[in-house]
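The values are calculated or read from the model by the stated rules, or taken from the named source; none is laboratory data. Note that the coordinates shown come from a computational prediction; the quantities given were computed from them, not determined experimentally. Virtual Cβ from ideal backbone geometry, glycine too; neighbours counted across all protein chains shown. Calculation scope for accessible area: heavy atoms of the full protein, side chains included, ligands and nucleic acids excluded. Shrake-Rupley method; radii C 1.70, N 1.55, O 1.52, S 1.80 Å.
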Amino acid sequence: MTIPTDNELSLLHEHICQALADPRRIQILYALDESRRHVSAIAEALGVPQSTVSRHLALLRQRGLVAAEREGAAVYYY
């Protein structure tokens, strides 16, 4: 096992903590833990606008905490 340097740990901490800084993003992760879903299903489950969920999903994808899979016109997140 390779132990990361302090600099690597600092970057990882910054990367993950910023992604989880908003409680809504944590709710999205919990919703996706149950099953893969598309944006409108997540928005409905959380009672927030689809645009809000899309914005949060973009950041979560960028940070590697969420992945997406296209099926036809629909995109499912997991």
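Only residues that are part of a helix (DSSP H, G or I), under 23 Å from L12 (Cα atoms) and open to solvent by less than 40 Å² (accessible area, probe 1.4 Å) were counted across the stretch 46-78, and they come to 4. Among residues of the stretch 52-78 that are in contact (Cβ under 8 Å) with a residue 12 or more places away in the chain, those with a beta-carbon under 9 Å from a residue that is acidic (D, E) and part of a loop (DSSP other than H, G, I, E, B) at least six positions away or on a different chain give the pairs H56/D22; L59/D22. All of A43, A19 fail the test of being surrounded by 10 or more Cβ atoms within 10 Å (Cβ to Cβ) and in contact with a Pro (Cβ under 8 Å, 6 or more places away or on another chain), apart from A43. Taking residues in the stretch 1-29 that are in a helix (DSSP H, G or I), and partners anywhere that are of a type in the set (V, I, T), the pairs with Cβ atoms closer than 8 Å and at least 6 places apart or on different chains are R24/V48; R24/T52; I28/I42; I28/V53; I28/V66; L29/V66.
For the stretch 22-40, a tally of residues being of a type outside the set (V, I, T) and either on the phi > 0 side of the Ramachandran plot or open to solvent by less than 70 Å² (accessible area, probe 1.4 Å) (or both) returns 9.
Testing P49 on (1) at pLDDT 95 or above; (2) touching a strand residue (DSSP E or B) at 6+ places or on another chain (Cβ under 8 Å), one condition comes back false. Which one is that? Status for P49: all satisfied but (2).
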